[in-house]
1. When you go through Leu31, Leu88, Leu75, Leu92 one by one, which is the residue that is under 18 Å from Gln218 (Cα atoms), in contact with a helix residue (DSSP H, G or I) (Cβ under 8 Å, 6 or more places away or on another chain) and not polar (S, T, N, Q)?
2. Select from region 379-392 the residues that are more than 39 Å from the chain's Cα centre (by Cα) and surrounded by 10 or more Cβ atoms within 10 Å (Cβ to Cβ) and list them in ascending order.
3. Output the residues belonging to region 116-125 that are outside any helix (DSSP H, G or I) and either buried (at least 23 other Cβ atoms within 10 Å of the Cβ) or not β-branched (Val, Ile, Thr) (or both).
4. Look at region 9-53 and say how many of its residues are modelled with pLDDT of 95 or more, closer than 20 Å to Ala116 by Cα, surrounded by fewer than 17 Cβ atoms within 10 Å (Cβ to Cβ) and of a type in the set (A, V, I, L, M, F, W, C).
5. State all residues of region 48-82 that are in a loop (DSSP other than H, G, I, E, B), within 26 Å of Leu373 (Cα to Cα) and under 22 Å from the mean Cα position of the chain (by Cα); if no residue qualifies, say none.
6. Only one of Lys209, Lys191, Lys182 is basic (Lys, Arg) and closer than 22 Å to Asn298 by Cα; which?
7. Would you be able to tell me the number of residues in region 1-18 that are in a strand (DSSP E or B) and not hydrophobic (A, V, I, L, M, F, W, C)?
8. What is the residue count in region 235-276 for residues that are part of a helix (DSSP H, G or I), within 13 Å of the ligand (Cβ to nearest atom) and not small (Gly, Ala, Ser)?
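The values are calculated or read from the model by the stated rules, or taken from the named source; none is laboratory data. The shown structure was predicted, so the numbers you read here are calculated from the model rather than taken from an experiment. Heads up, the Cβs are rebuilt from the backbone with ideal geometry, glycines too, and the neighbour counts pull from every protein chain shown.
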Amino acid sequence: MKSGVKLVSTLTNLEYPFERIEEFAENGESLEVHIDGLENARTKSGRYLWERFADFLPFTKIDISISLGEGNTALIKADKKLLDFTGLDNLLLKNETQNPTWSFKDRGSLACIAMAKEMGESVSATISTGNMGSSISAYGAKSGIKIIVFVPEFTPKEKVIAMGIHGATVLKIIAPDYSEMKKQVLSLAKKMNLRIVSGNGPIRTEGYKMTSFEMFEQMEGEVPDYIAIPTSACGHIRGIFKGYNELKRAGIIEKVPKMIVVQALNNSPIVSAIKQGRREVIPFSNFHTVAEAITTGNPMGGDEIIDKAYKYGWLAESVTEEEILESQRRLAESGYFVEPASATSLFAVKKLREQGKIEQSASVVIILTGSGLKDSEVLQYHQLNESFVELKDVEGYLGTHTT
Ligand SMILES: *Cc1c(COP(=O)(O)O)cnc(C)c1O
């Protein structure tokens, strides 16, 4: 293990050893990795992102044998349609659907598996209803680490298959309430000495940091003004911010981007709190949203995000179900098929622009977090242009439909 690495709680600075099994502090605060001497960290040459930014990471080494080729995702300028829609001159899309299991979760899974290797562990577990479970299962398969996934019994079959096909053990837990199940399963971690990774754990977050390092390289050292992120468990948003913040601490960049916290209106525990000027998460329960990947109603560690939002002047916006579906359609019409959760950011930045909270000329990145093919149920809400045509009628059909 690297020396001078520890975990620090994010609101009151309680310190814990790096190898701590539980993902949160005793008081429920999220934890983050602290590396001594980060002020002197430098970028290096190297083939892989984790080699070039090794000074910023807690691992002694990430072996290429555990990678599935995550990252290296495109950062693309939005087309005229999306610029017109949002009213922005300088909108970029970071397409994380290009990751091996089609979501950004893979960057965090790489870090979790690197940690398991560093600690000599042979089993890892997670609690998931979707992307996280299939991602960690794929990385477990690649690295030879046994994966256990706890899912609620009602988890759709397609998602369970995506975990099971990689050889994970999937436990469908029968329990009346998902958040209660989550809490109880997490509390087993220490007792059983089993690392149960969550969406907002300190190690996963180190993996998400690499997105900011990658964007730093792709933008040739420029820092965007805003980055909009659909937020649920909160690991992604804090990881991306942490990456930029650490580059600044090392004197490599001069400013950090402002994050935009995006949530579905029907489940907006953090955005509602920020809009109301509250300092604590407002828990949501018994809601429904098409944005299935962002349904944490009472995120552990959410208070930290609210705290950072005030401290760094972040923005927060929520979007209705209709707005989510419209965004999904508009992104698809520009060539990006993303899942509903990922589409939320587009409408959120449009609204913030209309309210004058984002300047027209500001550089704004929206992160396309996951692929549209993960959720076929939502397609019932879209008009797809398909019809059955007898072979003999094709010519006539085209004659009336192509002009
Ligand atoms: C996990 C996930 C999110 C939310 O990220 P958090 O780190 O839980 O805040 C957003 N979009 C997609 C597609 C996801 O899988």
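1. Leu75
2. Val389
3. Within region 116-125, Met119, Gly120, Glu121, Ser122, Ser124, Ala125 meet the criteria.
4. Selection size over region 9-53: 0.
5. Matches in region 48-82: Ser67, Leu68, Gly69, Glu70, Gly71, Asn72, Thr73, Ala74, Ala78.
6. Answer to the selection: Lys182.
7. 5
8. Summing the residues that are part of a helix (DSSP H, G or I), within 13 Å of the ligand (Cβ to nearest atom) and not small (Gly, Ala, Ser) in region 235-276 gives 9.
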